[in-house]
Amino acid sequence: MKILFTLTLTLAFVIIVSITAGCAGISTLKSGQTQAEVRAAWGTPAIIKKTTSGERWTYSTAPEGNRVFLLEFDSDARLVSQAQGLTLERVARIKNGWAQADVEALIGPSYYTLRYPFRQEELVHIYRFQNGPIAACFYVGYDAAAVVTSTGMGDENRERGRFGLIRPC
(Lines give C-alpha, C1' and ligand atoms only; values in the text may rest on other atoms or scores of the structure.)
Protein backbone atom coordinates (compact mmCIF):
# COMPACT_ATOMS: atom_id res chain seq x y z
CA MET A 1 0.00 0.00 0.00
CA LYS A 2 2.82 2.41 0.91
CA ILE A 3 4.56 1.67 -2.41
CA LEU A 4 1.36 2.39 -4.34
CA PHE A 5 0.91 5.70 -2.48
CA THR A 6 4.53 6.71 -3.15
CA LEU A 7 4.20 5.75 -6.80
CA THR A 8 0.97 7.76 -7.16
CA LEU A 9 2.52 10.77 -5.43
CA THR A 10 5.61 10.59 -7.67
CA LEU A 11 3.46 10.33 -10.81
CA ALA A 12 1.38 13.35 -9.74
CA PHE A 13 4.58 15.35 -9.15
CA VAL A 14 5.94 14.43 -12.60
CA ILE A 15 2.68 15.46 -14.26
CA ILE A 16 2.59 18.83 -12.47
CA VAL A 17 6.23 19.56 -13.32
CA SER A 18 5.63 18.60 -16.97
CA ILE A 19 2.59 20.85 -17.27
CA THR A 20 4.28 23.86 -15.69
CA ALA A 21 7.45 23.34 -17.72
CA GLY A 22 5.39 23.36 -20.92
CA CYS A 23 3.92 26.73 -19.95
CA ALA A 24 7.24 28.21 -18.92
CA GLY A 25 8.42 28.59 -22.52
CA ILE A 26 5.97 31.41 -23.25
CA SER A 27 6.38 34.33 -20.91
CA THR A 28 4.20 37.42 -20.80
CA LEU A 29 5.24 40.26 -23.07
CA LYS A 30 4.45 43.94 -22.63
CA SER A 31 3.89 46.64 -25.23
CA GLY A 32 7.03 48.71 -25.72
CA GLN A 33 9.48 45.84 -25.25
CA THR A 34 12.32 45.79 -27.76
CA GLN A 35 12.89 43.05 -30.28
CA ALA A 36 16.00 42.06 -28.34
CA GLU A 37 13.96 41.65 -25.13
CA VAL A 38 11.32 39.59 -26.93
CA ARG A 39 13.97 37.39 -28.55
CA ALA A 40 15.63 36.87 -25.15
CA ALA A 41 12.29 35.82 -23.63
CA TRP A 42 10.81 33.75 -26.49
CA GLY A 43 13.77 32.81 -28.68
CA THR A 44 14.01 33.12 -32.45
CA PRO A 45 10.68 33.52 -34.24
CA ALA A 46 9.62 30.99 -36.86
CA ILE A 47 8.89 33.78 -39.36
CA ILE A 48 9.91 37.44 -39.60
CA LYS A 49 8.15 39.62 -42.19
CA LYS A 50 8.61 43.29 -42.99
CA THR A 51 5.40 45.30 -42.78
CA THR A 52 4.60 48.89 -43.73
CA SER A 53 4.91 49.91 -40.08
CA GLY A 54 7.81 47.67 -38.96
CA GLU A 55 7.95 43.88 -38.61
CA ARG A 56 5.67 40.95 -37.79
CA TRP A 57 7.16 38.05 -35.87
CA THR A 58 5.41 34.70 -35.82
CA TYR A 59 5.88 32.05 -33.14
CA SER A 60 4.12 28.75 -33.80
CA THR A 61 3.59 25.70 -31.61
CA ALA A 62 2.92 23.54 -34.72
CA PRO A 63 2.95 20.80 -35.72
CA GLU A 64 1.53 19.31 -32.52
CA GLY A 65 0.52 22.58 -30.92
CA ASN A 66 -2.45 24.65 -31.94
CA ARG A 67 -1.36 28.19 -31.22
CA VAL A 68 0.29 30.85 -33.36
CA PHE A 69 1.45 34.08 -31.73
CA LEU A 70 1.64 37.12 -34.02
CA LEU A 71 3.77 39.97 -32.69
CA GLU A 72 3.80 43.39 -34.37
CA PHE A 73 6.76 45.75 -33.97
CA ASP A 74 6.93 49.39 -35.02
CA SER A 75 9.74 51.02 -37.00
CA ASP A 76 11.64 51.61 -33.73
CA ALA A 77 11.66 47.82 -33.12
CA ARG A 78 9.23 48.09 -30.19
CA LEU A 79 6.37 45.67 -29.57
CA VAL A 80 3.04 47.35 -30.33
CA SER A 81 0.63 44.40 -30.40
CA GLN A 82 0.38 40.67 -29.96
CA ALA A 83 -2.38 38.27 -30.88
CA GLN A 84 -3.19 34.60 -30.87
CA GLY A 85 -3.81 33.95 -34.57
CA LEU A 86 -5.65 30.65 -34.37
CA THR A 87 -9.05 31.53 -32.91
CA LEU A 88 -12.53 30.74 -34.18
CA GLU A 89 -13.21 34.47 -34.65
CA ARG A 90 -10.14 34.89 -36.87
CA VAL A 91 -10.56 31.79 -39.02
CA ALA A 92 -14.25 32.63 -39.57
CA ARG A 93 -13.22 35.90 -41.26
CA ILE A 94 -11.37 34.17 -44.10
CA LYS A 95 -13.38 34.03 -47.33
CA ASN A 96 -12.92 32.95 -50.93
CA GLY A 97 -10.91 35.51 -52.88
CA TRP A 98 -8.45 36.32 -50.08
CA ALA A 99 -4.74 36.22 -50.92
CA GLN A 100 -2.59 33.68 -49.06
CA ALA A 101 -0.45 36.53 -47.68
CA ASP A 102 -3.57 38.09 -46.10
CA VAL A 103 -4.62 34.76 -44.58
CA GLU A 104 -1.16 34.22 -43.08
CA ALA A 105 -1.07 37.79 -41.75
CA LEU A 106 -4.33 37.09 -39.89
CA ILE A 107 -3.83 33.52 -38.58
CA GLY A 108 -0.20 32.64 -39.28
CA PRO A 109 1.29 29.83 -41.35
CA SER A 110 -0.34 26.44 -41.77
CA TYR A 111 1.30 23.37 -40.34
CA TYR A 112 0.53 20.96 -43.18
CA THR A 113 -0.41 21.05 -46.86
CA LEU A 114 -1.90 18.45 -49.19
CA ARG A 115 -3.71 17.92 -52.47
CA TYR A 116 -6.89 15.89 -52.43
CA PRO A 117 -7.15 13.38 -55.31
CA PHE A 118 -10.49 14.84 -56.40
CA ARG A 119 -9.23 18.47 -56.34
CA GLN A 120 -5.72 18.34 -57.76
CA GLU A 121 -5.83 22.00 -58.84
CA GLU A 122 -6.18 23.12 -55.22
CA LEU A 123 -3.45 23.11 -52.55
CA VAL A 124 -5.05 22.76 -49.11
CA HIS A 125 -3.38 24.27 -46.05
CA ILE A 126 -4.35 22.77 -42.70
CA TYR A 127 -4.42 24.61 -39.37
CA ARG A 128 -5.00 23.05 -35.93
CA PHE A 129 -6.65 25.23 -33.28
CA GLN A 130 -8.74 25.09 -30.11
CA ASN A 131 -12.43 25.86 -30.55
CA GLY A 132 -13.23 26.16 -26.86
CA PRO A 133 -12.66 22.68 -25.38
CA ILE A 134 -12.70 21.04 -28.84
CA ALA A 135 -9.56 20.42 -30.88
CA ALA A 136 -10.49 21.59 -34.39
CA CYS A 137 -9.06 21.83 -37.88
CA PHE A 138 -9.40 24.63 -40.39
CA TYR A 139 -8.76 23.99 -44.07
CA VAL A 140 -7.92 26.65 -46.65
CA GLY A 141 -7.75 25.74 -50.34
CA TYR A 142 -5.65 27.86 -52.70
CA ASP A 143 -5.50 27.96 -56.47
CA ALA A 144 -2.27 28.31 -58.47
CA ALA A 145 -2.31 32.10 -57.90
CA ALA A 146 -2.41 31.58 -54.08
CA VAL A 147 -5.99 32.86 -53.82
CA VAL A 148 -8.49 31.19 -51.45
CA THR A 149 -10.93 28.98 -53.34
CA SER A 150 -12.45 27.07 -50.41
CA THR A 151 -12.48 26.86 -46.62
CA GLY A 152 -13.75 24.25 -44.22
CA MET A 153 -13.70 23.34 -40.58
CA GLY A 154 -14.21 20.23 -38.50
CA ASP A 155 -13.28 18.49 -35.27
CA GLU A 156 -9.77 17.10 -35.20
CA ASN A 157 -9.45 13.42 -36.12
CA ARG A 158 -6.00 11.98 -35.49
CA GLU A 159 -6.94 8.29 -35.88
CA ARG A 160 -4.87 5.94 -37.97
CA GLY A 161 -6.21 5.58 -41.47
CA ARG A 162 -6.56 2.55 -43.67
CA PHE A 163 -2.83 2.33 -44.38
CA GLY A 164 -1.74 2.92 -40.78
CA LEU A 165 -1.01 6.62 -41.32
CA ILE A 166 -2.18 9.26 -38.87
CA ARG A 167 -4.36 11.87 -40.51
CA PRO A 168 -2.86 15.39 -40.43
CA CYS A 169 -5.98 16.71 -38.74
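The values are calculated or read from the model by the stated rules, or taken from the named source; none is laboratory data. The structure presented is a predicted model; accordingly, all values stated were derived computationally and were not measured. A quick note on method: Cβ atoms are made from the backbone with ideal geometry, for glycine too, and the neighbour counts reach across all protein chains shown. To get the accessible areas, we keep the full protein, side chains included, count just its heavy atoms, and leave off ligands, DNA and RNA. Shrake-Rupley method; radii C 1.70, N 1.55, O 1.52, S 1.80 Å.
Restricting to the range 108-125, what's the tally of residues that are at pLDDT below 95 and open to solvent by less than 70 Å² (accessible area, probe 1.4 Å)? The total comes to 6. Exactly one residue out of 106, 71, 29 is assigned to a strand (DSSP E or B) and either in contact with a helix residue (DSSP H, G or I) (Cβ under 7 Å, 6 or more places away or on another chain) or over 30 Å from residue 152 (Cβ atoms) (or both), and it is 71.
Could you tell me which residue of the range 49-73 is least open to solvent (accessible area, probe 1.4 Å), considering only residues that are more than 21 Å from residue 28 (Cβ to Cβ) and of a type in the set (Lys, Arg)? Here the answer is 49.
Residues checked against (1) open to solvent by 30 Å² or more (accessible area, probe 1.4 Å); (2) of a type in the set (S, T, N, Q); (3) closer than 22 Å to residue 55 by Cα:
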position	(1), (2), (3)
85	no, no, yes
88	yes, no, no
133	yes, no, no
138	no, no, no
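Annotation note: of 65, 85, the sole residue that is touching a helix residue (DSSP H, G or I) at 6+ places or on another chain (Cβ under 6 Å) and at negative phi is 85. Scanning the range 140-156 for residues that are among the hydrophobic types (A, V, I, L, M, F, W, C) and surrounded by fewer than 19 Cβ atoms within 10 Å (Cβ to Cβ), which turns out nearest to residue 62 (Cα to Cα)? Checked the range 140-156; the qualifying residue nearest to residue 62 (Cα to Cα) is 153.
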